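Participant: One structure follows; several queries about it will come next.
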Amino acid sequence: MTIITMDAAVAAVEEQITVLAGNIRASMRDTALFIDPTLQPFGLKLMRTLERCGPTHAGALAENLVVDKSIISRQARALFDLGLIATQADEDDGRVKYFALTPLAVQKLAEVRANKSTRLLNRLQSWPAEDLTRFAELLARLNTPD
């Protein structure tokens, strides 16, 4: 029986996270290209955030994505030009604008999921649901601040 030290176990996890991060970057690049050849991977990330959170103002998007608000503005302009997001005025304060997915963006994101051709989706399809659930729980645990 092999005894693994805590340091070795943490190093193995770090190595696998590095590999996973590379796969995620490649998958996001491929998915962005599937939606539109000019879509940047960060634009896809912004779209997925809007899909998850609903209409959101630039400041909240910047905080959620841990970037400067100017990056949100530039990427929002590109997504707007592609017809993937629109702006909505706040009902209580018309000066406040929210970004929201357009029906085209919702359709494109659904096509991505239905296509199942991205690297990660393709690999995860063969996993049992119980494994996927446990993996998601462990990732959530890792991503939850202390």
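The values are calculated or read from the model by the stated rules, or taken from the named source; none is laboratory data. Owing to the predicted nature of the structure, the values given are computational and were not obtained by experimental measurement. Every residue, glycine among them, receives a Cβ derived from its backbone with ideal geometry; neighbour counts consider all protein chains shown.
Participant: For the stretch 37-46, what are the residues that are out of contact with any helix residue (DSSP H, G or I) (no Cβ under 6 Å at 6 or more places or on another chain) and more than 13 Å from R74 (Cβ to Cβ)?
Facilitator: Selection gives P37, T38, K45.
A quick yes/no check of all residues on (1) under 17 Å from the mean Cα position of the chain (by Cα); (2) aromatic (F, W, Y); (3) surrounded by 15 or more Cβ atoms within 10 Å (Cβ to Cβ):
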position	(1), (2), (3)
R74	no, no, no
F80	no, yes, no
V96	no, no, no
A105	yes, no, yes
L109	yes, no, yes
N122	yes, no, no
D131	no, no, no
R134	no, no, no
L142	yes, no, no
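Participant: Take L33 and tell me if it is surrounded by 12 or more Cβ atoms within 10 Å (Cβ to Cβ), aliphatic (A, V, I, L, M), touching a residue at least 24 places away in the same chain (Cβ under 8 Å) and within 27 Å of N122 (Cβ to Cβ).
Facilitator: Working: surrounded by 12 or more Cβ atoms within 10 Å (Cβ to Cβ): yes; aliphatic (A, V, I, L, M): yes; touching a residue at least 24 places away in the same chain (Cβ under 8 Å): no; within 27 Å of N122 (Cβ to Cβ): yes.
Criteria not met by L33.
Participant: Something else: Any residue in the stretch 63-71 that is modelled with pLDDT of 90 or more and part of a strand (DSSP E or B)?
Facilitator: Filtering the stretch 63-71 down to residues modelled with pLDDT of 90 or more leaves 63-71.
Imposing the further condition that a residue be part of a strand (DSSP E or B) reduces the set to none.
Taking every residue of the stretch 63-71 in turn, none turns out to be modelled with pLDDT of 90 or more and part of a strand (DSSP E or B).
Participant: Related question: Out of P55, P103, P128, report the one residue that is closer than 27 Å to I17 by Cα and not hydrophobic (A, V, I, L, M, F, W, C).
Facilitator: Values: P55 fails: closer than 27 Å to I17 by Cα; P103 fails: closer than 27 Å to I17 by Cα.
When all the criteria are applied, what remains is P128.
Participant: Can you list residue pairs whose Cβ atoms sit under 6 Å apart, with the first residue in the stretch 1-30 being in contact (Cβ under 8 Å) with a residue 12 or more places away in the chain and the second being surrounded by 12 or more Cβ atoms within 10 Å (Cβ to Cβ) and not in a helix (DSSP H, G or I)? Count only pairs 6 or more apart in sequence or on different chains.
Facilitator: S27/T118; D30/T118
Participant: Separate question: Name every residue in the stretch 37-81 that is free of Cβ contacts under 8 Å to residues at least 60 places away in the same chain, of a type in the set (D, E, K, R) and either closer than 15 Å to K108 by Cβ or in contact with a strand residue (DSSP E or B) (Cβ under 6 Å, 6 or more places away or on another chain) (or both), in order of residue number.
Facilitator: In the first step, residues of the stretch 37-81 are kept if they are free of Cβ contacts under 8 Å to residues at least 60 places away in the same chain; the result is 37-46, 49-81.
Those still in the list that are of a type in the set (D, E, K, R) too: 45, 51-52, 63, 68-69, 74, 77, 81.
If the condition is that a residue be free of Cβ contacts under 8 Å to residues at least 60 places away in the same chain, of a type in the set (D, E, K, R) and either closer than 15 Å to K108 by Cβ or in contact with a strand residue (DSSP E or B) (Cβ under 6 Å, 6 or more places away or on another chain) (or both), then K45, E51, D81 are the ones that fit.
Participant: Taking I17, is it part of a loop (DSSP other than H, G, I, E, B), more than 14 Å from K108 (Cα to Cα) and among the hydrophobic types (A, V, I, L, M, F, W, C)?
Facilitator: Working: part of a loop (DSSP other than H, G, I, E, B): no; more than 14 Å from K108 (Cα to Cα): yes; among the hydrophobic types (A, V, I, L, M, F, W, C): yes.
Criteria not met by I17.
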